[in-house]
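Asker: Once you've had a glance at the structure underneath, I'll fire off some questions.
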Amino acid sequence: MGASPTDSNVRLDVESLRVFRQLVAAEGFTAAAERLGVTQSAVSHKIRRLEERIGRDLLRRDGQSFVLTPDGRDLLAHAEAIVDAHDRAVDALQRSNVSGTVRLGCNEEVAATQLAEVASRFGRTHPEIALEVRVRDSAVVAGWLDSGEIDVALLQVLDTGDAVRPADDVWRRDELTVVQAADADFDGVDEVPLISFGPQCLYEPWFASAMADAGRSYRRVMECPSIQGVQAAVTAGLGVAVLNTPHVTDGMRPWAGLGGMALPPVAFVLRPVVSSGTDDAVDALRSHLSTTLEAGDLS
């Protein structure tokens with residue numbers, strides 16, 4: 001296949017290695033494509049070109065799934081080191097002299113992924129900017145932004161009407177699913193038990209409206225702000241919950257109590273403060289986050 005693995009002219013492309021690393025982390029071509037903001041065929045093409053370039057098979061494919069070959073496992077360790085070294089070098093060359101303080105708000109979904117790594121990298125490239133991060137529910141974060149308590153927000157909104165604003169950068173969309181435990185049956189109960197993310201739950205107003213439209217009632221049996229807590233409550237059979245589809249686990253199944261009613265999608269957005277002036281520190285953070293999102297490093 002392609003070049004000999006001992007060919008001294010073989011050159012590894014950093015972006016192909018980045019795609020390979022993301023593919024392994026996402027555990028699938030579709031998920032990797034969504035994270036990277038490209039098509040599934042583009043991911044497949046990058047991997048094929050990488051295999052041809054080094055003359056080795058990296059994956060054993062089975063439809064949409066795959067397992068790493070021994071060569072794939074070896075390359076993954078090198079890919080991590082090469083991509084990280086590349087990014088550190090770029091960080092050093094792009095170090096900025098902009099100074100100031102910038103306040104970032106984000107919801108738990110974002111904070112639970114790679115925010116710490118992204119914030120650390122921003123600190124390396126902008127050592128004179130003091131970054132302050134606050135984490136709460138999306139509705140609270142949006143309120144902070146509108147009242148001027150923060151400068152930039154990473155949050156999720158129901159992708160309906162004008163919820164996504166013209167200035168928003170959308171980096172990901174998820175579908176929603178109403179779920180219950182795999183061995184539970186709340187389809188026909190008179191008062192449906194709901195597990196909510198709390199008073200500022202993004203999904204509960206939609207759920208309440210949908211239940212009213214269906215002529216059904218519900219009661220809140222638990223409030224928990226964390227994804228892991230809600231997942232545990234669902235699988236324990238305490239009630240139903242509205243979850244982003246990627247958070248649906250093997251111990252759950254869809255709840256059919258709304259008769260197939262369509263759920264709105266969720267958009268993850270980067271939202272800047274609305275201001276008549278400009279702030280170099282805020283602009284620097286927004287640019288850094290936009291670049292990170294385009295590269296698929298925050299998902």
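The values are calculated or read from the model by the stated rules, or taken from the named source; none is laboratory data. Worth saying up front: this structure is predicted, and the values here are computed from it rather than measured. All Cβ positions, even for glycine, are placed from backbone atoms using ideal geometry, and neighbour counts span all protein chains on display.
Asker: So which pairs qualify, if the first residue must be in region 183-198 and under 23 Å from Asn244 (Cβ atoms), the second must be of a type in the set (Lys, Arg) and modelled with pLDDT of 95 or more, the Cβ gap must be under 6 Å, and the two must be at least 6 apart or on different chains?
Answerer: That search, which allows pairs on different chains as well, returns Leu194/Arg220; Ser196/Arg220.
Asker: If you don't mind, another one. Scan region 140-162 residue by residue and report those that are surrounded by 13 or more Cβ atoms within 10 Å (Cβ to Cβ) and touching a Pro at 6+ places or on another chain (Cβ under 9 Å).
Answerer: Within region 140-162, Leu145, Asp151, Val152, Ala153, Leu158, Asp159 qualify.
Asker: Turning to a different aspect of this structure: Count, please, the residues in region 225-279 that happen to be among the aromatic types (Phe, Trp, Tyr) and free of Cβ contacts under 8 Å to residues at least 40 places away in the same chain. Walk me through it before giving the result.
Answerer: Within region 225-279, the subset among the aromatic types (Phe, Trp, Tyr) is 255, 268.
With the extra rule that they be free of Cβ contacts under 8 Å to residues at least 40 places away in the same chain, the set shrinks to none.
Adding up the residues that qualify gives 0.
Asker: In this structure, does Asn97 turn out to be within 26 Å of Asn244 (Cα to Cα) and modelled with pLDDT under 90? First the steps, then the outcome.
Answerer: On the way: within 26 Å of Asn244 (Cα to Cα): no; modelled with pLDDT under 90: yes.
No, not satisfied.
Asker: Now, a different point. Could you tell me how many of the residues in region 219-233 are small (Gly, Ala, Ser) and either outside any helix (DSSP H, G or I) or buried (at least 17 other Cβ atoms within 10 Å of the Cβ) (or both)?
Answerer: Going through region 219-233, the residues small (Gly, Ala, Ser) turn out to be 226, 229, 232-233.
Cutting the leftovers down to either outside any helix (DSSP H, G or I) or buried (at least 17 other Cβ atoms within 10 Å of the Cβ) (or both) gives us 226, 233.
So the answer is 2.
Asker: If you don't mind, another one. Would you mind finding the one in Leu50, Leu12, Leu17, Leu36 that is modelled with pLDDT under 80 and under 21 Å from Asp87 (Cβ atoms)?
Answerer: Exactly one residue qualifies, and that residue is Leu36.
Asker: Step by step: first the residues of region 131-150, then only those that are among the acidic types (Asp, Glu) and in a loop (DSSP other than H, G, I, E, B), then the one that is nearest to Asp279 (Cα to Cα). Which residue is that?
Answerer: Of all residues in region 131-150, those among the acidic types (Asp, Glu) come to 132, 137, 146, 149.
Going one step further and asking which of them are in a loop (DSSP other than H, G, I, E, B), we end up with 137, 149.
Values: Asp137: 26, Glu149: 15 Å.
The selected residue is Glu149.
Asker: Do the conditions hold for Arg121, that is, is it assigned to a helix (DSSP H, G or I) and surrounded by fewer than 19 Cβ atoms within 10 Å (Cβ to Cβ)?
Answerer: Details: assigned to a helix (DSSP H, G or I): yes; surrounded by fewer than 19 Cβ atoms within 10 Å (Cβ to Cβ): yes.
Yes.
Asker: Examine region 177-191 for a residue that is over 21 Å from Thr235 (Cα atoms), among the aliphatic types (A, V, I, L, M) and either assigned to a strand (DSSP E or B) or more than 21 Å from the chain's Cα centre (by Cα) (or both), and state whether such a residue exists.
Answerer: No, the conditions are met nowhere in region 177-191.
Asker: Can you pull out the residues in region 41-68 that are on the phi > 0 side of the Ramachandran plot and either in contact (Cβ under 8 Å) with a residue 40 or more places away in the chain or surrounded by 14 or more Cβ atoms within 10 Å (Cβ to Cβ) (or both)?
Answerer: Matches in region 41-68: Gly55 only.
Asker: Looking at the structure I just gave you, is Ala182 out of contact with any strand residue (DSSP E or B) (no Cβ under 8 Å at 6 or more places or on another chain) and either surrounded by fewer than 15 Cβ atoms within 10 Å (Cβ to Cβ) or polar (S, T, N, Q) (or both)? Spell out how you get there, then give the answer.
Answerer: Values: out of contact with any strand residue (DSSP E or B) (no Cβ under 8 Å at 6 or more places or on another chain): no; either surrounded by fewer than 15 Cβ atoms within 10 Å (Cβ to Cβ) or polar (S, T, N, Q) (or both): yes.
No.
Asker: Moving to a separate point now. Against the condition in contact with a Pro (Cβ under 8 Å, 6 or more places away or on another chain) and either closer than 22 Å to Cys106 by Cα or assigned to a loop (DSSP other than H, G, I, E, B) (or both), how does Arg173 come out, does it pass?
Answerer: Values: in contact with a Pro (Cβ under 8 Å, 6 or more places away or on another chain): yes; either closer than 22 Å to Cys106 by Cα or assigned to a loop (DSSP other than H, G, I, E, B) (or both): yes.
Against the criterion (in contact with a Pro (Cβ under 8 Å, 6 or more places away or on another chain) and either closer than 22 Å to Cys106 by Cα or assigned to a loop (DSSP other than H, G, I, E, B) (or both)), Arg173 qualifies.
Asker: Residues that are within 26 Å of Cys106 (Cα to Cα) and β-branched (Val, Ile, Thr): does region 138-147 have at least one?
Answerer: Just the residues of region 138-147 that are within 26 Å of Cys106 (Cα to Cα), to begin with: 138-147.
Now narrow it down to the ones that are β-branched (Val, Ile, Thr): 140-141.
Yes, there is a match, as at least one residue in region 138-147 is within 26 Å of Cys106 (Cα to Cα) and β-branched (Val, Ile, Thr).
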